[in-house]
Amino acid sequence: MIEVFNAVLNIAVAIERDVFKNCTDFLKDDSDEDIHRKVYAHCTAIIENEFEKVRTIKGAISKDKKQFCLINEDGKYILSYVSIDNIDLLDVDFSLGSMFAVYEDEIDAKSLKAAIYVTYGPTFQLVFASKSEGVKFFSYSNHELVQEESFMLESKGKINSPSGIQCQWSDLHRDLIESFFQEGYRLRYSDSFILDAHQILFKKGGIYSSPKTKTFPNGELELVFEAYPVAFFFELVGGEAIDGQRRILDISLEELHQTTPIYFGSKYEIHKVKEFFNRKERKQT
């Protein structure tokens, strides 16, 4: 696993250098579509080049390309990844992130062995999670990786990060979100899924929600690339991740790009989500 970690570190350093410190090279006189294509292609090339050096990696698949790439038939790990989260925020100097999930032999929740995410831009950090080592938090400064104090979620947080198109929220979801604001929760939403998750972890509590909507009736986040790894992180630091009722890591994978609604955060917030959904069920019966 250390080889995989080192590969991701090399990827992070290269993407931070090429895309964020020199982002103007990607923003010159191009349409948004061209910028997206150039950034994703550049990041994917960096990632694929590093993964090809790791003997234990059997293959990899990105959310962007949606094509499995065989690397080493004798390898045991399959990596899924989000190369960059929401390029639209690049030109406003927001932090963005990459997400990696490490599956052993096959892609499903039970085979998930580790997860890593990176935050770029104003905050250049790396967070690693595995069942054997828990969650480890690193900062990168002056060409060195510095391990910081690990974190655990408190039972109740103060951050409310609601995703999705508000006019498409169900009445139940709207009432749920409003109930958190009535309790004094602060709105913290950047539209970068990885950074919003990172903020809840870093601030030791809160809730992120991505519900069913008319545009995304089965939810927006993909299990393999986003929901499984973020659920893995949150459970290891004392939180939970559910689709409204079911534990995310109990959801069976039926197709590679399967999506799900998701609510993740600390215990209090997720308990409240479950209460809202149970109340809806009781009304229907």
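Here, each number is a calculation from the coordinates, and none is a lab measurement. Keep in mind it's a predicted model, so treat the numbers as computed, not measured. Note that we place each Cβ from the backbone using ideal geometry, even for glycine, and neighbour counts take in every protein chain shown.
Overview of values
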read-out: Principal-axis tilt of helix 2-15 within the chain, Cα atoms, nearest 10 degrees; value: 90
read-out: Estimated 222 nm signal from helices in the chain, with DSSP H stretches of n ≥ 4 weighted -39500 (n - 2.57), rounded to 500; value: -9500 deg cm²/dmol
read-out: Proxy reagent accessibility, fewest Cβ within 10 Å first, across SER83, SER132; value: SER132, SER83
read-out: GluC sites (Glu not before Pro) restricted to DSSP loop in segment 62-151 with at most 16 other C-beta within 10 Å; value: GLU73, GLU106, GLU133, GLU148, GLU149
read-out: Taking segment 159-284 and dividing mean pair separation by its residue count, relative contact order in percent (alpha carbons under 8 Å, at least six apart); value: 27
read-out: The chain: antiparallel DSSP beta bridges as a percent of all, rounded to 5; value: 80
read-out: Shape category assigned to segment 159-284 from the gyration tensor of Cα positions, a/c cut at 1.5; value: rounded
read-out: Other-chain or far-sequence residues with amide H under 5 Å of GLY206's (modelled H); value: GLY157, LYS158, ILE159, SER266
read-out: Residue order, fewest to most beta carbons within 10 Å, for HIS143, HIS198; value: HIS143, HIS198
read-out: Taking the chain and dividing mean pair separation by its residue count, relative contact order in percent (alpha carbons under 8 Å, at least six apart); value: 14
read-out: Packing-based exposure ordering (other Cβ within 10 Å, fewest first) of THR215, THR260, THR56; value: THR215, THR56, THR260
read-out: Alpha carbon convex hull of the chain, projected area averaged over orientations, nm²; value: 15.2
read-out: Inter-site label distance for TYR268 and ASN49 at 7 Å from Cα along Cβ, in nm; value: 4.8
read-out: Chain lengthening between HIS143 and SER155 when straightened (0.36 nm per residue, less Cα-Cα); value: 0.8 nm
read-out: HN-Hα J in Hz across segment 170-181 - Karplus 6.51, -1.76, 1.60, θ = phi - 60°, x for Gly and Pro; value: 6, 4, 4, 5, 4, 5, 4, 4, 5, 5, 5, 5
read-out: C-alpha long axis of helix 193-202 to longest principal axis of the chain, angle in °; value: 70
read-out: In sequence order, calculated HN-Hα J values of segment 121-133 (Karplus, 6.51, -1.76, 1.60; Hz; x Gly/Pro); value: x, x, 10, 10, 9, 9, 10, 10, 9, 8, 5, 7, 10
